[in-house]
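Q: This structure is in structure tokens; I'll ask about it shortly.
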Amino acid sequence: MKIESMKIKNFKVFKDVTISNLPEMAVFLGAHGSGKTTFFDVFGFLSDALQTNVTIALNKRGGFQEVISRGVKNEKIEFEIKFRNTEKKGVFAPIVTYSLEIEFEKGKACVSREVLKYRRGKKGKPWHFLDFSNGEGSAVTNEEDYGKKDFEEKRIKQKVTSPDILAIKGLGQFEQFKAISNFRSLLEKWHVSNFSIEKGKTISDVGISNHLSVTGDNLAQVTKYLFDSNKEVFDKILEKLPQRIPGINKVMAEETLDGRIILMFGDENFKDPFIARYVSDGTIKMFAYLILLNDPELHPLLCIEEPENFLFSDLLLQLCEEIREYAEKGGQVFVSTHSPDFVNGLKIEELFFLVKENGYTTIKAVSGVKRVKELAKENQLGWIWRNHYIEGVNL
Ligand SMILES: Nc1ncnc2c1ncn2[C@@H]1O[C@H](COP(=O)(O)OP(=O)(O)O)[C@@H](O)[C@H]1O
Ligand SMILES: [Mg+2]
């Protein structure tokens, strides 16, 4: 699945933003406070709303009044996400649009409209196969059969238990609602990575973790899991490690007698391995990214916040490549960065920038800036950015 475009209205710093032509790997530049974290939080918000309800998702962020763009009165929070199912290669997949409007009345949040739709054929009218307002609506149960001979739409009416519950929450659990369950699964398996060196170096309790957590505090457990249960991936990571960090040629995750897992690294110059606490910050971070990006179970959408801290600049180009490989395998990746070295590894279509003006932020494609497009023919993007050719973004 791939997100093609997004519209955000009245969600925090984004009063009215449209981003089109999102590639498999998209990188976002922006000054502090311009809204990079908030942009990733759109998915966090939707994912929270899906797992619980809209009221809880809003309250987790300070309530409706905090979440709606400052200065905006009597308006709704709106999201529109256009995506394409890219699962079946070579099969035409229409662009599906999910839209959501959230209203706040008499002290309560409610979903005033929720629609999933796509166009049947190039000139067809949008087909609303899910359409709900204030907790009531209908959904098509045989959407997958469209195109078959004698197709007749089957639609059922539904009511959710409360108007602040997303209709995709209940309906997405059924196999028959294919497009709905696909979108639901994008929101469920969405992942943000905000790796913390300190957390990555902690000694984990014994337990099984198959995937790296947001902060990386289960790095030792995931390493052990890969070693025990997915040797192929573990060996691949081990093979890449010395290419990224000279000298480091071994990683072990050992269970101690008191039931903990200790991560250890081996240096080719010394016989005894040393524990993760004493490894360099850059080593642990690079290792964590190798674990994250070589995970055979891809996140449909992976957001990485500022991967550059503690990484030697030469590694950033390699990391950029590693992330692109992940995106090419089918997991879309959004990255925020302040690093010109990382930006140097990008193609112009992959780069976006956030500009805050009069309190609100817009997101623009760097490829839409004529001057930069010209300059990019002969210069690296990181250099162009550093020299302030990308408007409104300073280092
Ligand atoms: N409801 C709101 N309306 C307008 N701006 C908001 C609202 N809530 C937060 N902000 C602003 O959004 C910005 C948050 O930026 P953030 O996403 O943390 O930026 P970055 O990650 O790029 O540093 C802050 O400047 C904050 O003041
Ligand atoms: Mg941030």
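Q: I'd like the projected area of the stretch 135-215, averaged over all directions, using the convex hull of its alpha carbons. Report it in nm² with one decimal.
A: 8.6
Q: May I ask for the distance between the Cα centers of the stretch 297-316 and the stretch 39-61, given as a whole number of Å?
A: 24
Q: Let me ask something additional. Take the alpha carbon atoms of the stretch 339-360, find their center, do the same for the stretch 105-147, and report the distance between the two centers in whole angstrom.
A: 34
Q: I would also like to ask the following. Taking 2.2 N^0.38 Å as the expected size of a compact globular protein, what ratio does the Cα radius of gyration of the stretch 192-346 give against it, to two decimals?
A: 0.99
Q: Then there is this: Through the Karplus equation 6.51 cos²θ - 1.76 cosθ + 1.60, θ set to phi - 60°, convert the phi angles of the stretch 275-289 into ³J(HN,Hα) values in whole Hz; use x for Gly and Pro.
A: 7, 3, 4, 9, 7, 6, 4, x, 4, 5, 5, 4, 4, 4, 5
Q: Also, I was wondering about something else. Grab the Cα-Cα distance for E152 and S20, subtract it from 0.36 nm times how many residues apart they are, and report the gain in nm with one decimal.
A: That pair, E152 and S20, stretches by 44.2 nm at full extension.
Q: Find the percent of Cα-Cα distances in the stretch 295-349 that exceed 14 Å, and round it to a whole number.
A: 52
Q: Measure nothing fancy, just the Cα-based angle from helix 219-229's long axis to the longest principal axis of the chain, in degrees from 0 to 90, nearest 10.
A: That helix lies at roughly 90 degrees to the long axis.
Q: Using the Kirkwood radius built from alpha carbon pairs, what does the Stokes-Einstein equation give as D for the chain at 10 °C and 1.306 mPa s, in µm² per second?
A: Translational D for this selection: 69 µm²/s.
Q: So which trypsin sites (Lys or Arg not before Pro) in the stretch 63-133 are both in a DSSP loop and have at most 10 other Cβ atoms within 10 Å of their Cβ?
A: Of the trypsin sites (Lys or Arg not before Pro), the ones in loops of the stretch 63-133 whose Cβ has at most 10 other Cβ atoms within 10 Å are K73, K88, K89, K106, K122, K123.
Q: Among G107, G207, G330, which one shows the highest mean-square fluctuation when the chain is modelled as a Gaussian network with alpha-carbon springs under 10 Å?
A: G107
Q: Quick query: amide H of L29 versus all other amide H atoms, modeled in the peptide plane; which residues come in under 5 Å with a sequence gap of 5 or more or a different chain?
A: Residues meeting the criterion, in which the H sits 1.01 Å from N, are F352, F353, L354.
Q: Still on this structure, please answer the following. Can you pull the percent of Cα pairs in the stretch 12-61 with separation above 16 Å?
A: Of all Cα-Cα distances in the stretch 12-61, 51 percent exceed 16 Å.
Q: What pairs in K148/K364; K82/K240; K189/K236; K82/K370 have C-alpha atoms more than 29 Å from each other?
A: Beyond 29 Å: K148/K364; K82/K240.
Q: Just want the ordering: Y360, Y278, Y146, from fewest to most Cβ atoms lying within 10 Å of their own Cβ.
A: Least crowded to most crowded, the residues run Y278, Y146, Y360.
Q: Continuing with the same structure: Each residue of the stretch 232-240 in order: what ³J(HN,Hα) in whole Hz does its phi give by Karplus 6.51 cos²θ - 1.76 cosθ + 1.60, θ = phi - 60°, with x for Gly and Pro?
A: My calculation for the stretch 232-240 gives 4, 5, 4, 5, 5, 5, 4, 5, 6 Hz in order.
Q: For the stretch 249-324, which GluC sites (Glu not before Pro) pass both filters: DSSP loop (anything but H, G, I, E, B) and at most 14 other C-beta atoms within 10 Å?
A: Answer in residue order: E268, E297.
Q: Show me, for the stretch 328-342, the HN-Hα J-couplings you get by feeding each phi into the Karplus relation (A = 6.51, B = -1.76, C = 1.60, θ = phi - 60°), rounded to Hz, glycine and proline as x.
A: 5, 6, x, x, 5, 10, 10, 10, 10, 8, 10, 9, x, 5, 5
Q: Here's a follow-up. Nothing charged except the Cβ atoms of Lys and Arg (+1) and of Asp and Glu (-1): what's the magnitude of the dipole of the stretch 192-346 about its Cα centre? Round to the nearest 20 debye.
A: My answer is approximately 120 debye.
Q: So how tilted is helix 178-189 from the main axis of the chain? Cα-based, degrees 0 to 90, rounded to 10.
A: 40
Q: Then there's this: For the stretch 57-116, run through the chymotrypsin sites (Phe, Trp or Tyr not before Pro) and keep only the ones in DSSP coil with at most 11 other Cβ atoms within 10 Å of their Cβ.
A: The qualifying sites are F92.
Q: Along its three principal axes, how long is the stretch 290-395 when you only count alpha carbons? Whole Å, largest extent first please.
A: 40, 31, 25
Q: Right, here's the next one. Just to confirm the number: angle between the C-alpha axis of helix 36-51 and the first principal axis of the chain, 0 to 90 degrees, nearest 10?
A: 60
Just so you know, all these numbers are worked out from the coordinates, no wet-lab data involved. What you see is a predicted model; the values in this text were computed from it and never measured. Glycine also receives a Cβ, built like all others from the backbone with ideal geometry; neighbour counts cover every protein chain displayed.
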